[in-house]
Amino acid sequence: MEPSPLRVAAEAADPLASLPSHLLDEILRRLDIRDAVRTSALSRDWRRRWESVPGLALSFPEDTRPCVVDRVLFQYTGPRVSRFAFQVDDASASHVDHWLVALSRRSVESISLRPHAHFDAEDINLHSSIFACPHLVSLHLKWCGIPPLPVGFAGFPVLEELYFAYVTFPDNTERQLQAIIGGAPLLRVLSLLDVYNYVDCVIEAPNLHSLTLGLEFDNVYHFGELPCLHDAEIVLSAFSEPGHNVGRFLAGVVHVQELTFISSLDEVKIDATPFTFYNLKSLKLSTPFTAMNPIVFVFRLLRSSPNLEKLKIQIVEEGMVVDWEFLNAQWTDGMCAKLQIVQIINVATHRWFPISFMKLILSKASLLRTLSVNECPGSQDDPLNDLLTCRRASVQAEVLFKESIPKFSALFLFRGAALEHSGQRAPHAAPLPAHRKK
């Protein structure tokens, strides 16, 4: 049957038909998978083009039915999948194994699996084919059960990004986290948030650039050689023993240029540091001013950071009033010699600021340019007004009120578990199994 005149006219009017094939493929690679499939309706030339495009991204929107993913993976014959992302719910959980097997045969480069907010099971149990993806560059797994490593596991030779959040390992295989990290020689970004691995794990990665750890105990991880580490974010919600010294733990990231340390523990402390953060330029702290230990901890970190330029402190609860004499006694010659920017953020329920600490910084930091606070004085008697009249060591130092200072965005703590700021499980989600509870 001859095509209708309307169809012939439509195909003739296709402005993309004259483009080279590689440009058409590039257009498809930039489209959402739904739009890529819809291009089949454009013309006869487009009908099955998406099915063979190398490097197609299969990122499925929330609430996609599993049969849709099944069909796409069945129809797609391209040699390489650039990205696969899916939120698993109860209806799709039984399909995940099949998908991973199919992806391992498509040279998948990125996998992201996380539970839907209404997923009722404890974990997404994964098929061992997750370890048969040698082309993986990025792996994001949240609330997943990791299978045992297969015999002869060759590692992830080109993996650059590894994100594990609330993942569990089989019994008696806790060391496999260390094997996964060690089997990724190109790893640049590592994020481990409440990974349930109770045997000491050595993190050693020669090309690691960025490290994020959210953990309940400071003795879960040990550090090997990390010569390229640029930034580290550590969220510590419990100690292995009361009053434990975190010095040994922080010594493992001593080469960083940017450090974020978050802890809500009153007993956080560090002994006189036998190491120095020579490269540290930016320090972000969220630790309570409610007891002497964390206050002394802050000063010891500052004394160990001779090249620090930017300090950001987040206040999460009302602290104790510390007299000037005590704080002044903590100051040593050369401390904060290069400090230029200080930001104080109050996110506590009750409005409170470490006024004496801020006045000390103003009176001692000779290169200080700005000290900013995210609120304004509430009245003439507000202690914040004292910052305007206190002595300043730097002639260029300014005090800025009501500055728009971003809050710490990466991690928050609740009952000893680090929760990502985005993608939090629904409140009615299944409780932690017994072996995860404190």
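Determine the shape class of segment 110-227: with a ≥ b ≥ c the square roots of the Cα gyration tensor eigenvalues, call it rounded for a/c under 1.5, and otherwise prolate if a/b is greater than b/c, oblate otherwise.
Judged from the Cα gyration tensor, segment 110-227 comes out rounded (a/c under 1.5).
Taking segment 57-139 on its own, what percent of its Cα-Cα pair distances exceed 20 Å?
Tail of the P(r) past 20 Å holds 26 percent of the pairs.
On average, how much accessible surface per residue is there in segment 57-186, in Å², for a 1.4 Å probe, leaving out ligands, DNA and RNA? Walk me through the intermediate numbers first.
Values: 5510 Å² over 130 residues.
Per-residue value: 42 Å².
May I ask you to compute the full-extension gain from Trp331 to Leu388, defined as 0.36 nm times their residue separation minus their alpha-carbon distance, rounded to one decimal in nm?
So the extension gain works out to 18.4 nm.
According to the square roots a ≥ b ≥ c of the eigenvalues of the Cα gyration tensor, what is the shape class of segment 129-173, taking rounded for a/c under 1.5, prolate for a/b larger than b/c otherwise, and oblate for the remainder? Kindly include the intermediate steps, with their values, before the conclusion.
Numbers: a/c = 2.43, a/b = 1.15, b/c = 2.12.
It comes out oblate by the Cα gyration axes.
Residue by residue, what Karplus-based ³J(HN,Hα) values in Hz, rounded to whole numbers, does segment 179-194 have, using 6.51, -1.76 and 1.60 with θ = phi - 60° and x for Gly and Pro?
So the Karplus estimates, Gly and Pro as x, are 5, 5, 5, x, x, 10, x, 9, 4, 10, 10, 10, 10, 10, 10, 6 Hz.
Please work out the FRET efficiency for the pair Glu204 and Asp32, using the Cβ-Cβ distance as r and a Förster radius of 30 Å; give the result to the nearest 0.05.
FRET efficiency, Glu204 to Asp32: 0.20.
Please give me, ordered by residue number, the trypsin sites (Lys or Arg not before Pro) of segment 27-100 that lie in loop per DSSP and have at most 12 other Cβ atoms within 10 Å.
On the way: sites: Arg29, Arg30, Arg34, Arg38, Arg44, Arg47, Arg48, Arg49, Arg71, Arg80, Arg83; in loops: Arg30, Arg47, Arg48, Arg80.
Those satisfying the criteria are Arg30, Arg47, Arg48.
Take the cross-link list Lys281/Lys402; Lys142/Lys338; Lys142/Lys281; Lys338/Lys402 and give me the ones stretching past 29 Å between alpha-carbons.
Lys142/Lys338; Lys142/Lys281
Using the Karplus curve 6.51 cos²θ - 1.76 cosθ + 1.60 with θ = phi - 60°, work out ³J(HN,Hα) for each residue of segment 155-165 in order, rounded to whole Hz, and write x for Gly and Pro.
So the J values, rounded to whole Hz, are x, 10, x, 10, 5, 10, 10, 10, 10, 10, 10.
The values are calculated or read from the model by the stated rules, or taken from the named source; none is laboratory data. Model, not experiment: these values are computed from the prediction. Heads up, the Cβs are rebuilt from the backbone with ideal geometry, glycines too, and the neighbour counts pull from every protein chain shown. Each accessible area value is taken on the protein alone, full model and side chains, heavy atoms only, with ligands, DNA and RNA left out. Shrake-Rupley method; radii C 1.70, N 1.55, O 1.52, S 1.80 Å.
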